[in-house]
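The values are calculated or read from the model by the stated rules, or taken from the named source; none is laboratory data. Keep in mind it's a predicted model, so treat the numbers as computed, not measured. Cβ placement follows ideal geometry from the backbone for every residue including glycine, while neighbour counts extend to all protein chains displayed. Each accessible area value is taken on the protein alone, full model and side chains, heavy atoms only, with ligands, DNA and RNA left out. Shrake-Rupley method; radii C 1.70, N 1.55, O 1.52, S 1.80 Å.
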2 protein chains.
Amino acid sequence: MTTSVIPTTVNPDLQKERDGASLSSEEFAAWWAGGEETLKFNRGVRSYLQKDVDVLEMLQLQNKSHEEIIEFSVKGAIEAAKKLRRLQEERNPGGVDYWPKLYDHQVMWGLVPGGNPFGVMYVMLVKALQAQCTPEQYEDFGKRLERFEICGTYAQTELGHGTYLRGLETRADFDPKTDEFVLNTPKISSYKWWPGGLGHSSNYCLVMAQLYIDNKSKGPHMFFIQVRDEETHEPLPGVHIGDIGKKMGFIGVNNGFLGLKDVRIPRTRMLMRHAKVNADGSYVSSPTNVLTYFAMVRTRCVIAYNNAMMLAVASTIATRYSAVRRQSPINPKEREPQIMDHVTQQMKLFPEIATSLAHRLASDYLWNLYDVTIKDIENGKYERLPELHSLSCALKVTCSMDSAVGVERLRLACGGHGYLISSNMSNIYVNATAACTYEGENTVLLLQIGRFLMKTWRSALSGAPLAPTVRYLAEVQKNPDFGKWSGSWENMVKAMQYAAANKTRLAFKSLSNRLSRGETEENAANHTGIELTQAAELHGRAFVFASFTAEVTGPKSKTRSASLNRVLENLLELYLVKETLNQMSHILRFIELTDTDLTRLQERLESVLTKLRPDAVAIVDGFDFSDLQLNSTLGSYDGNAYERIFDAALKNPMNQKSVPKSFNELLKPFMKSNI
Amino acid sequence: MTTSVIPTTVNPDLQKERDGASLSSEEFAAWWAGGEETLKFNRGVRSYLQKDVDVLEMLQLQNKSHEEIIEFSVKGAIEAAKKLRRLQEERNPGGVDYWPKLYDHQVMWGLVPGGNPFGVMYVMLVKALQAQCTPEQYEDFGKRLERFEICGTYAQTELGHGTYLRGLETRADFDPKTDEFVLNTPKISSYKWWPGGLGHSSNYCLVMAQLYIDNKSKGPHMFFIQVRDEETHEPLPGVHIGDIGKKMGFIGVNNGFLGLKDVRIPRTRMLMRHAKVNADGSYVSSPTNVLTYFAMVRTRCVIAYNNAMMLAVASTIATRYSAVRRQSPINPKEREPQIMDHVTQQMKLFPEIATSLAHRLASDYLWNLYDVTIKDIENGKYERLPELHSLSCALKVTCSMDSAVGVERLRLACGGHGYLISSNMSNIYVNATAACTYEGENTVLLLQIGRFLMKTWRSALSGAPLAPTVRYLAEVQKNPDFGKWSGSWENMVKAMQYAAANKTRLAFKSLSNRLSRGETEENAANHTGIELTQAAELHGRAFVFASFTAEVTGPKSKTRSASLNRVLENLLELYLVKETLNQMSHILRFIELTDTDLTRLQERLESVLTKLRPDAVAIVDGFDFSDLQLNSTLGSYDGNAYERIFDAALKNPMNQKSVPKSFNELLKPFMKSNI
């Protein structure tokens, strides 16, 4: 049987959905992409990159061995790089707007489904070098990386240390006799661990190590070291390097480990834009740590955005599948319905669609704040930096946490077939959930936000002015009475802020009580940890409430058609109602809702699900993901889910011979041994 | 580097925990196992089975290809079968108490970490044959399976149908001329899909198909068919069979598909213990469907128990790791603490330990009810069957749902290293979450329970007597005033029941309103779906509350030492408080709690975490899992986590050569192409 098992027509159930929708998917797509021009541009690049890539073959990736997957991913990543370079040469020679700029853009999704082994190189390493190198250093090795003449990654986390940077054990001792640094990872726990591409594709590496001069620690600094020979790719002397083995996700990225034993590098390979070590061993410390700090902020903005998009991908797959799958009659006399007609199924799908939008719009706000703050910094103004830092943490946490849970809920909504690797739901999940841990583990970040809220609460008590996104804390302090619940959108935004502010108040009270009982500040903070994280979580949610409501009801609504606005309003209504119900235990603690109010919320929930039902497919079509980006047997545009599942099964290597060798070697002898 | 990287000593941080505990792990283990004798027996069998199995090699499983994993798993499963048979011969020749009885027991865990390809054969197929075959049929082929002379599986689910059995498309037409059935899967969506072991290890299969006589449907019946030649293992004519490809979990089980085209089997291969087709084509329907029904109930009891145990496994790994990992100072002047000293980390670990116990004890109650009901059925009494059915659904849902979420929470609590396959946390997760879908998808079951609650609520209104586990509904009807919240354990049990009963009342009201507005019963049920599932979920939780409290505070406490009782009381306290807080939005809707009550609950939560801290390691030691059963670099008894992670990484196949072939073939040419 060949691929002809997949019809070339669209599943009629899916076509019916498209024909019956109240909105234009194209209008939605243009809005979602940020304008028609952008949509057209993205689609153009995407189709160029995806040309001659076999969508059906890509589904076989996870049937391969760890080693094969890694090799396959290196190949795919290089092919994509070649295409982007070609595009750059054709359309804007000498520029950087295609290569390497788009190498981490959403247009790449699906081309390297196991992850891009050179992702860290362009997303983090080159950016870190630009920020931390002297011009000479950047000319020396930064430019070589940009041109991909050498290949590198960024190594910070160790086997024994992730979160706590100051605990890193790798050391770089300055040797003034040779004008060199001597790098060592003294213990197994000091081995660098995790960097993408470190295992087998990098020949250089930026290493975070404790700088020692005269055996005195100067704290963590960055060192650019060579780890493999450029010609042979053999590890250099003193370098112990390899692959850390399989992970839940990022299976193609060859995450690696690195042990260093007396590895010597010239003094000029410490990044010296800010801190410096002179030839005589004198040390000049960095005048500011703002820029290091800022790189982390940027990565968190990227995460918030990407995780919102992952949730949109999973929503697309599950929604289309729920339109073509028919199961369990509602009325025994009628044909089994599309599973999307079951209200409990709607309750699994539509809230996640709404959450994708809410998070995406919140992350748009965050990016705007980021751009504003960058300009401020260029002008020497640092006022909004703590706010930006805290907000980027809050959205990183909210988006990663909710998208991971949401993707998994959507996978479960696909029933048994969601458990098939070829559904791609598990791969989206492992990508989404990874973001809960990397770039600041979520609980650690929530505790940081909690501390920021404590500080802000104290400032507000003293009457100091607050930054816009925390101003609601002062308002609640000033006016502690919530007033009557009306259930309007504005009222729900206010309620979530009110709950966040009151949780902050309670945490502040607990903390103060502990301090007044004589606990140290550190112990008191640890013991108040649960309340601090809860307040921080609500703070993030309150922000998403406000930004989603502002986008849908604000002036931009005038630029959209009535039909699109109606759909966005339904999604906003669903998001606010379901999330208010989710957080009801916190809300009820501080705000009085009558039984009628609560019944009304349940009715609104059920009512808006019904309203969204006819438009669900058209909305996810409007997310505008291509089949390769979805990489799913369940979610393809044509809706031929069963045929694609079947096709993927037939192609798996296990089915290329009719009898496995284990039969004659093991099973048959065992079965015969009985008689 | 060899395996010598792993010390032979216990990590001192872990040893310190064991030395400082207030309870005896051995006493806990004996209690947990159900007595000292059982503990001793299990340990004996386990060590016999695990002898000569390489724990460290087992960690490499997931680095292999899909094909290699499947072959490896067939091998492991046969080795284990041989050992159990040997044990049977040595200890009780002719019996069945070792083989095949223990082939699915917990003592097997870890021996086939990718799943047992012959699991379905013994857990489901043989049991189905025992229940559905005539004695002659069982003699003919059932016994052959028991002796493992042939190898089979059970095929029910199709590509297009899972939940809704009556929608199955596979058909078996009776041909009176040849006294045969002719089996067909007419469409791609009719292909049998999912059965474990069907892909490449079975030569027989029990197939659920629609029986047709004279083209008239008689509904689903079971047919035993041969799919492969016993000597060559080649698929028989008309049989299209193969592997469905990789799944999130059960990677070693060779789940398969099966298409049938005019496959003929003798009439005597329809299982005819109950329904019958005679040679003349006359049909005798089954006098009862109780036994079919009952098989499903039993499987759900198994799931409730197994998922509780999976949560215990994950708790063991995460707790031990949290004792040996040190990170992020609480007090800057002190050494970085064991991460278990962070209160937020305790909040991730200890509630899951408590939940393992709560679920395990609830499933013990369920098994008792099952045994009682079996005896009742033998005596022709069916009164408690609906209650048992509903309770088995409720616990299947609660245990699978909470364990999946709990395992994942524990994995996240292990930070980055929890993302390593070698932590085994992801494999436990995919096993736990699978149970949310199979054997009755959770939402479908919740809706069934919801309907049962509606029926029960109506009975109670009419004054009819209720079964013990739903009697609280009548009590709440009779006495709708909760009274004052006291926060005692009994009061919390009552509160959860009260919330469940009131949620049932609200759903009943919504349903009645819809019916009185003229909706059909089916539409009304669909539209009330969200409320029905919520009521059903709370019903399950209320049961767990009651059974856990009864076990800890009841008469059995007299058989335990004071120190063990104290620990169990702490775990009960934690479980009740955290779950009450989790469900607070439902509780606050019906019960008045003052701000002081709520503050008190938060204090109790924090206080009991502190109390459990010194005993956490000793408790999980008391779960008594061996290193092979844990199969985790993070959770081994010796606590040498970093060394084991390192060892597993070094052994992965990617590290067996220093330069991958992709370097010379792809990466180097690409890097050189720039210059």
Practice prompt. Within the stretch B:254-264, work out how many residues are open to solvent by 10 Å² or more (accessible area, probe 1.4 Å) and assigned to a loop (DSSP other than H, G, I, E, B).
Written response: 3
Discussion item. Can you find, within the stretch A:202-226, the residue that is surrounded by the fewest Cβ atoms within 10 Å (Cβ to Cβ) among those that are within 14 Å of chain B (Cβ to nearest Cβ) and assigned to a loop (DSSP other than H, G, I, E, B)?
Written reply: A:ASN203
Worksheet item: List pairs: first in the stretch B:605-621 and in contact (Cβ under 8 Å) with a residue 60 or more places away in the chain, second outside any helix (DSSP H, G or I) and surrounded by 21 or more Cβ atoms within 10 Å (Cβ to Cβ), Cβ under 7 Å, 6+ apart or cross-chain?
Response: B:ASP615/B:LEU23; B:ALA618/B:LEU23
Worksheet item: Of (1) out of contact with any His (no Cβ under 7 Å at 6 or more places or on another chain); (2) open to solvent by 10 Å² or more (accessible area, probe 1.4 Å); (3) within 13 Å of chain A (Cβ to nearest Cβ); (4) over 23 Å from B:SER22 (Cα atoms), B:PRO653 satisfies all except one. Which?
Response: (1)
Discussion item. Take the residues in the stretch B:386-413 that are facing another protein chain (nearest Cβ under 9 Å) and open to solvent by less than 10 Å² (accessible area, probe 1.4 Å); name whichever of them is nearest to B:ARG451 (Cα to Cα).
Written reply: B:ALA404
Discussion item. Please go through the stretch B:119-163 and give me each residue that is free of Cβ contacts under 8 Å to residues at least 40 places away in the same chain, open to solvent by less than 50 Å² (accessible area, probe 1.4 Å) and either of a type outside the set (A, V, I, L, M) or assigned by TED's automatic domain parsing to the domain that holds B:PHE223 (or both), ordered by number.
Written reply: B:TYR122, B:TYR138, B:GLY142, B:GLU149, B:THR157, B:GLU158, B:GLY160, B:HIS161
Worksheet item: When A:ALA501 is evaluated against the numbered criteria (1) open to solvent by 30 Å² or more (accessible area, probe 1.4 Å); (2) under 23 Å from A:MET401 (Cβ atoms); (3) more than 14 Å from chain B (Cβ to nearest Cβ), which criterion, by number, is the only one it fails?
Response: (1)
Practice prompt. Assess whether A:LEU511 counts as being more than 31 Å from the chain's Cα centre (by Cα) and surrounded by 22 or more Cβ atoms within 10 Å (Cβ to Cβ).
Written response: yes
Discussion item. If I ask for residues that are surrounded by 18 or more Cβ atoms within 10 Å (Cβ to Cβ) and facing another protein chain (nearest Cβ under 10 Å), which ones from the stretch A:599-624 would you list?
Written reply: A:LEU605, A:GLU606, A:LEU609
Worksheet entry | Residue in the stretch B:234-251 that is in a strand (DSSP E or B), within 30 Å of the chain's Cα centre (by Cα) and away from chain A (no Cβ under 11 Å) present | no
Practice prompt. Can you tell me which residue within the stretch A:656-675, out of those that are among the aliphatic types (A, V, I, L, M) and outside any loop (DSSP other than H, G, I, E, B), is most open to solvent (accessible area, probe 1.4 Å)?
Written response: A:LEU666
Discussion item. For a quick check of your reading: which helices (runs of 4 or more DSSP H) sit entirely within the stretch A:1-82 and have at least 1 residues that are without any contact (Cβ under 8 Å) to a residue 24 or more places away in the chain and of a type in the set (A, V, I, L, M, F, W, C)?
Written reply: A:25-33, A:36-50
Worksheet item: Hey, any hits in the stretch B:337-355 for a residue that's over 32 Å from the mean Cα position of the chain (by Cα) and not polar (S, T, N, Q)?
Response: yes
Practice prompt. Can you tell me which residue within the stretch A:267-321, out of those that are touching a Phe, Trp or Tyr at 6+ places or on another chain (Cβ under 8 Å), part of a helix (DSSP H, G or I) and under 24 Å from A:ASN379 (Cα atoms), is most open to solvent (accessible area, probe 1.4 Å)?
Written response: A:ARG298
Worksheet item: Is it true that A:ASP638 is of a type in the set (Asp, Glu), within 28 Å of B:GLY162 (Cβ to Cβ) and part of a loop (DSSP other than H, G, I, E, B)?
Response: yes
Worksheet, complete the sentence: Cβ pairs under 7 Å, 6+ apart or interchain, first in the stretch A:172-183 and assigned by TED's automatic domain parsing to the domain that holds A:THR268 and at positive phi, second aliphatic (A, V, I, L, M) and at pLDDT 95 or above, ordered by first then second residue, are A:ASP179/A:ALA279
Worksheet item: Residue check: is A:PRO186 surrounded by fewer than 24 Cβ atoms within 10 Å (Cβ to Cβ), without any contact (Cβ under 8 Å) to a residue 40 or more places away in the chain and more than 9 Å from chain B (Cβ to nearest Cβ)?
Response: yes
Discussion item. Please go through the stretch B:47-87 and give me each residue that is at the interface with another protein chain (Cβ under 9 Å from one of its Cβ atoms), more than 24 Å from A:ILE70 (Cα to Cα), open to solvent by less than 50 Å² (accessible area, probe 1.4 Å) and touching a helix residue (DSSP H, G or I) at 6+ places or on another chain (Cβ under 6 Å), ordered by number.
Written reply: B:VAL74, B:ILE78
Worksheet, complete the sentence: In the stretch A:635-649, anything within 7 Å of another protein chain (Cβ to nearest Cβ) and open to solvent by 20 Å² or more (accessible area, probe 1.4 Å) is listed as A:TYR642, A:GLU643
Worksheet, complete the sentence: Here the qualifying pairs (Cβ atoms under 9 Å; residues six or more apart or on different chains; first in the stretch B:487-500 and assigned by TED's automatic domain parsing to the domain that holds B:PHE545 and free of Cβ contacts under 8 Å to residues at least 12 places away in the same chain; second open to solvent by 40 Å² or more (accessible area, probe 1.4 Å) and not in a helix (DSSP H, G or I)) come out as B:ASN491/B:GLY483; B:ASN491/B:LYS484
Fill in: Matching option when the condition is polar (S, T, N, Q) and within 19 Å of the chain's Cα centre (by Cα), among A:THR469, A:THR456, A:THR437
A:THR437
Worksheet item: Among (1) in the same structural domain as B:ALA500 (by TED's automatic domain parsing); (2) surrounded by fewer than 24 Cβ atoms within 10 Å (Cβ to Cβ), where does B:GLY380 come up short?
Response: (1)
Worksheet item: Looking at the stretch B:349-361, is at least one residue surrounded by fewer than 21 Cβ atoms within 10 Å (Cβ to Cβ) and not in a helix (DSSP H, G or I)?
Response: no
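Residues checked against (1) among the aliphatic types (A, V, I, L, M); (2) within 14 Å of chain B (Cβ to nearest Cβ); (3) in contact with a Leu (Cβ under 7 Å, 6 or more places away or on another chain); (4) buried (at least 19 other Cβ atoms within 10 Å of the Cβ):
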| residue | (1), (2), (3), (4) |
| --- | --- |
| A:ARG517 | no, yes, no, no |
| A:GLU531 | no, yes, yes, yes |
| A:ALA550 | yes, no, no, no |
| A:SER563 | no, no, yes, no |
| A:GLU569 | no, no, no, no |
| A:LEU572 | yes, no, no, yes |
| A:THR596 | no, yes, no, no |
Fill in: Hits in the stretch B:362-401 - residues which are part of a helix (DSSP H, G or I) and of a type in the set (Phe, Trp, Tyr)
B:TYR365, B:TRP367, B:TYR370
